[in-house]
Structures are given as C-alpha cells and as structure tokens.
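Asker: This structure is in structure tokens; I'll ask about it shortly.
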Amino acid sequence: MKARERTCEREAEVRRMVSGSVDAPAIRLHAASCGACRETLAIANGMRELARQSMGTSSLLSSTTLWWKAQALRRWDAQRKVATRMELGDRMQIGSGLVAAAALLGWTVRHLQTLATPARLPDTLTAVMFASAVLLVATTLIVVREMLAWERSR
C-alpha cells in the first residue's frame, strides 16, 4: 500500500464541488491530472453514492465494496491528519527562522553600534543592514499572508 506523496491545495475545492453538486469543469480537469484530488473526488463521490442509497432497499453493497470504501476513507483521514501535523511543523520552522533572523539582525545592529557610531559606519554596511531589515519584514508579511490564505481554504 503506497501512501500519497503530497496533498494538493485544491482538495478543498474538490470536496466543495462534490458536496454542493456543482459541476466545475476546471476542477474536474485538475483532478484528472492530480493524484491527490483524483482520490479525493473518488472517495467523495463514493461516499455520496453510499449516502443516496436508502436503507430499505434490497440492493445492498457487496461486503468487498463496502470494505474497500471504508479502507479508502480510513487512509484518507489518516493522511489528512499526518499532513496537518506536517504543516504545523512547517509553520513552526518558518516562525522560528523568522524570529532567529530578527534576533540576529538586532544583535548585529547593536554590536555594530558599540563598535562605531552610526556616522562612522560605512555606507555599504548601512545599506546592507537596511536591506536586510526590509527583506525580513517583507518575508514575514508574505508568510503571514500565505498562512491566512491556507486557513481560509480549509
């Protein structure tokens, strides 16, 4: 049994498409080329079909089909939980890296100020320190924006 290598940011759209019974050709086209979305679509359609069947009908699913669907749902849930933990770890690494970069930048600025007054610092070094601060702020803003977009897509 081979686990899915990755998740896709469009899986939530696939689930919404199936639950809303809306046909979205662009998402179906994406699911045809994306293994994660194709599996999500197959599981969601299978579960929707299972829910459509009334309890009183005599056409019950075979035990093999029911077992396969249950196993697919179990794997899907396990993979989603693992992916969520990995994403949390990625966020923690990014956050700690940004904090470390800010601390290093602050320490460097303070250390340089003790060595020389700002008027005596070379212009090149001052420009590099300013560029580093701007880059750190821009990176932080981009990371925060991406995290908020990820949260909204869930």
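Asker: Given H placed 1.01 Å from N in the peptide plane, which residues other than close sequence neighbours of CYS8 have an amide H under 5 Å from its amide H?
Answerer: none
Asker: Modelled label-to-label distance, TRP67 and SER132, 7 Å Cα→beta-carbon offset: nm?
Answerer: My value for the distance between the label points is 6.2 nm.
Asker: Here's a follow-up. For the pair ALA26/VAL109, report the inter-label distance in nm, with labels modelled 7 Å from Cα in the Cβ direction.
Answerer: 4.2
None of the figures in this text is laboratory data; all of them are computed from the coordinates on show. Values in this document were obtained by computation on a predicted structure and should not be read as measured data. Counting neighbours? That spans all protein chains shown, and the Cβs are built from the backbone with ideal geometry, glycine included.
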